[in-house]
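Data block below; observations after.
Every number here is computed from the coordinates shown, using simple stated rules; none is lab data. Because the structure is a prediction, the values reported are computed rather than measured. Cβ coordinates were reconstructed from backbone atoms using ideal geometry, including for glycine residues, and neighbour counts include every protein chain displayed.
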Amino acid sequence: MDTQTAAFEKSPEIVSDTEYFAANIGEIDSAEELVNDFRLLKVALGAYGLDDDVYNKFFVQKILDEGTLTTDALANKLTDTKYKEMSADFGFGDFSTPSTKLSTFAGEIIEKYNERQFEISVGQQDANMRLALNLERELSIIANNDASPDTMWFSVLGSEPLRTVFETALGLPENFASLDLDRQVEELRSRVQNFMGDGEITQFSDPENLEKLNQRFLLMSQMQSFGVQSSGQIALTLLQY
């Protein structure tokens, strides 16, 4: 993984993107200036997995301008928390001086950008591996928050990649998402309790627990792709891990 990541970060396109960002982001004073520089915006959005919004300049500027400190800010109303994370990190709407002026800011965003773009590259070859890489980052962030246990579970359900991992790892049926949200949390908590010995998300702040869930997901994904239908076969295979 380290070797592949290092090679990816040296690819011409990534080097071009990140060098331009490092050289120019410090000159940006406002959200308007950021969204009007396509190359800077590409890296900024790519760092949060929001690549598809690169042409939605008005929408992105509104999110950044309003910040995150007021309850009616657009970023706080969106289900996808990545917008809130980006807005908080850039600080255009929250502080008199944005984070773009900090000497460490460019490096922090570039690190996130490299990580996300590597996941996309991996996903072009193996979608499940991309989900596994996403899980390592996103679930640990949720697990280390100060939110309530239920809020943590709602955050998982609100993230399509995380939801997919849990549903696959726990063998949930396709119609699971049609259940009432509270019922979904109850069922997930129960199944995780049976599998891990703990039904709460906070346990995934421990890398060993995160790895155990990830291996379970990858195993179940493989079994599904190979068309293993027998519950007896599945149980036997799982007992071997």
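List of remarks:
- What the Cβ-Cβ distance of Leu179 and Lys101 gives, at R0 = 51 Å and to the nearest 0.05, is a FRET efficiency of 0.60.
- Ranked list, fewest to most other Cβ atoms within 10 Å of each Cβ, for Leu40, Leu74: Leu74, Leu40
- Calculated [θ] (222 nm, deg cm²/dmol) that DSSP helices of n ≥ 4 give over the chain, each run adding -39,500 (n - 2.57): -20000 deg cm²/dmol
- Pairs of Lys residues in the chain that lie 8 or more places apart, or on two chains, and have C-alpha atoms under 19 angstrom apart add up to 17.
- Between the stretch 134-170 and the stretch 54-69, the alpha-carbon center distance in angstrom: 25 Å
- From least to most packed, judged by other beta carbons within 10 angstrom and beginning with the fewest, Ser155, Ser121, Ser87, Ser96 follow the order Ser96, Ser121, Ser155, Ser87.
- Among Gly91, Gly49, Gly26, the largest mean-square fluctuation in a Gaussian network model of the chain, built with springs joining Cα atoms closer than 10 Å, belongs to Gly26.
- What you get for the stretch 1-120, charging only the Cβ of Lys and Arg (+1) and of Asp and Glu (-1), is a dipole of about 120 debye around the Cα centre.
- Counted by Cβ distance under 12 Å from Leu181, the other residues give a net charge of -3, where Lys and Arg count +1 and Asp and Glu count -1.
- Placing +1 on each Lys and Arg Cβ and -1 on each Asp and Glu Cβ, with no other charges, gives the chain a dipole about its Cα centre of roughly 540 debye.
- At the listed q of 0.14, 0.15, 0.16 Å⁻¹, the Debye profile of the chain, built from one uniform point per Cα, gives log10 I(q)/I(0) equal to -1.01, -1.11, -1.21.
- Over all other residues within a Cβ to Cβ distance under 11 Å of Thr70, the charged ones net out to -2, with Lys and Arg as +1 and Asp and Glu as -1.
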